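Written below as structure tokens is the structure these notes are about.
The values are calculated or read from the model by the stated rules, or taken from the named source; none is laboratory data. Worth saying up front: this structure is predicted, and the values here are computed from it rather than measured. Backbone-built Cβ (ideal geometry, glycine too); neighbour counts: all protein chains shown.
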Amino acid sequence: MLSIGVIGLGNIAQKAYLPVYAEMQDQVQWYLDTRDLAKLTRLTNQYHLPMAGTDVKDLDGLKLDAVMIHAATPAHFELAKHFLTRDVNVFIDKPLATTTAQVTELYLLAAQHRKLLTVGFNRRFAPLMQQLQAVPNKNVIEVVKNRVADRQVPAEAIFDLLIHPLDTALMLAGFPTDIKPHYSMHADQDGNLQQATISFGVNGMRVEAGINLVAGANLEEATVSATAGVYRVQDLAQLTAYTQAGQTSTKAPDWEPTLTTRGFAPLVKAFVKAVAEQTDNPIAPESSRLTHRVLAEMADQLQA
């Protein structure tokens with residue numbers, strides 16, 4: 001049985017990951033760690049998972065096969081570096097870091113220690129998104145994340161929100177490396193980002209990824225136009241196909257858990273399997289570095 005530490009027990013960890021960990025206790029002994037002792041006590045009791053402690057040193061005292069890092073973004077770089085240096089496989093929430101130099105340093109460190117560094121791009125493992133990825137002869141790809149009155153400063157919005165549609169769009173396009181992105185951004189009078197778009201053309205395809213933080217609804221859409229029709233996934237839960245034969249809709253099965261529909265459960269299982277069997281990274285480093293590089297270039301333009 002694997003031993004895996006879990007550091008950071010915030011909102012995303014509680015909603016998207018802890019339920020998955022609780023269901024995998026026949027394969028993994030999870031150890032929870034967070035600075036908030038009250039939260040740690042409550043969650044270890046709720047999910048019947050053992051407590052590591054309230055400090056990184058508490059995890060260092062355990063013989064871990066891997067660690068799941070769900071801490072705040074500013075802590076990602078140092079935490080990932082800390083565990084990789086100690087020969088521990090790392091799973092970490094996106095973004096890995098907010099500069100190309102830090103992302104490169106961490107992947108080089110992982111390669112040096114022959115350990116996995118897996119970033120939590122859950123949408124790559126969402127079943128309906130994988131169906132969209134399989135559509136042949138794509139010519140237009142559009143992915144947008146809409147939020148209602150979500151005030152954020154530009155740099156935070158780019159790395160916390162735009163990273164979702166960008167990575168999805170790159171996946172649907174096959175992660176082409178020879179792209180020259182165009183960036184478009186609009187902020188309100190207080191400097192809060194309202195819309196941001198990244199677009200590029202490659203291999204006969206037009207690709208666009210964007211966020212709208214002043215939309216009238218919370219809705220995430222990925223649309224692929226191809227020679228056979230137009231295919232759209234909404235909120236990872238419904239796929240609609242528009243073809244010459246008419247319109248058809250496929251919803252995620254009622255019996256399918258939400259965390260499977262959204263890709264979290266299959267991603268965690270893929271990571272655990274890769275650690276146990278010492279196989280390839282389920283999130284290819286080259287693809288992750290591409291997503292981070294495009295975002296970092298956009299952030300650099302903001303500061304120019």
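Observations, loosely collected:
- Selection from region 151-165 of residues that are in contact with a helix residue (DSSP H, G or I) (Cβ under 8 Å, 6 or more places away or on another chain) and crowded, with 18+ Cβ neighbours inside 10 Å: Pro154, Ile158, Phe159, Leu162, Ile163, His164
- Annotation note: of Ala52, Ala13, the sole residue that is farther than 27 Å from Thr258 by Cα, crowded, with 18+ Cβ neighbours inside 10 Å and either outside the structural domain of His82 (by TED's automatic domain parsing) or not polar (S, T, N, Q) (or both) is Ala52.
- Qualifying residue in region 10-20 (condition: touching a Leu at 6+ places or on another chain (Cβ under 8 Å) and without any contact (Cβ under 8 Å) to a residue 60 or more places away in the chain): yes
- Annotation note: Cβ proximity below 6 Å between a residue of region 235-257 that is at positive phi and a residue that is among the charged types (D, E, K, R) (sequence gap 6+ or interchain) occurs for Asp235/Glu220; Leu236/Arg262.
- Search result, residues across region 265-297 that are of a type in the set (S, T, N, Q), buried (at least 16 other Cβ atoms within 10 Å of the Cβ) and not in a helix (DSSP H, G or I): Asn281
- Residue count for region 77-98, restricted to those that are over 12 Å from the mean Cα position of the chain (by Cα) and either in contact (Cβ under 8 Å) with a residue 12 or more places away in the chain or under 12 Å from His113 (Cα atoms) (or both): 15
Residue-wise test of (1) under 22 Å from Gly61 (Cβ atoms); (2) modelled with pLDDT of 95 or more; (3) β-branched (Val, Ile, Thr); (4) in contact with a Phe, Trp or Tyr (Cβ under 6 Å, 6 or more places away or on another chain).
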position	(1), (2), (3), (4)
Ile4	yes, yes, yes, yes
Ile7	yes, yes, yes, no
Asn11	no, no, no, no
Ala16	no, yes, no, yes
Glu23	no, yes, no, no
Gln29	yes, yes, no, no
Asp33	yes, yes, no, no
Arg42	no, yes, no, no
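- Any hit, region 114-131, residues being assigned to a loop (DSSP other than H, G, I, E, B), of a type outside the set (Gly, Ala, Ser), in contact with a strand residue (DSSP E or B) (Cβ under 9 Å, 6 or more places away or on another chain) and not assigned by TED's automatic domain parsing to the domain that holds Tyr231: yes
- Region 124-150, residues that are touching a helix residue (DSSP H, G or I) at 6+ places or on another chain (Cβ under 9 Å) and more than 21 Å from Asn203 (Cβ to Cβ): Phe125, Ala126, Pro127, Leu128, Val144, Lys145, Arg147, Asp150
- Residue match in region 133-141 (condition: at pLDDT 95 or above, surrounded by fewer than 23 Cβ atoms within 10 Å (Cβ to Cβ) and in a helix (DSSP H, G or I)): yes
- In region 238-248, the condition of being in contact with a helix residue (DSSP H, G or I) (Cβ under 9 Å, 6 or more places away or on another chain) and either among the basic types (Lys, Arg) or surrounded by fewer than 20 Cβ atoms within 10 Å (Cβ to Cβ) (or both) is met by at least one residue.
- Test result for Leu108, free of Cβ contacts under 8 Å to residues at least 12 places away in the same chain and either more than 15 Å from Asp93 (Cα to Cα) or in a helix (DSSP H, G or I) (or both): yes
- Among the conditions (1) touching a strand residue (DSSP E or B) at 6+ places or on another chain (Cβ under 9 Å); (2) aromatic (Phe, Trp, Tyr); (3) touching a residue at least 40 places away in the same chain (Cβ under 8 Å), the only one that Phe264 does not satisfy is (1).
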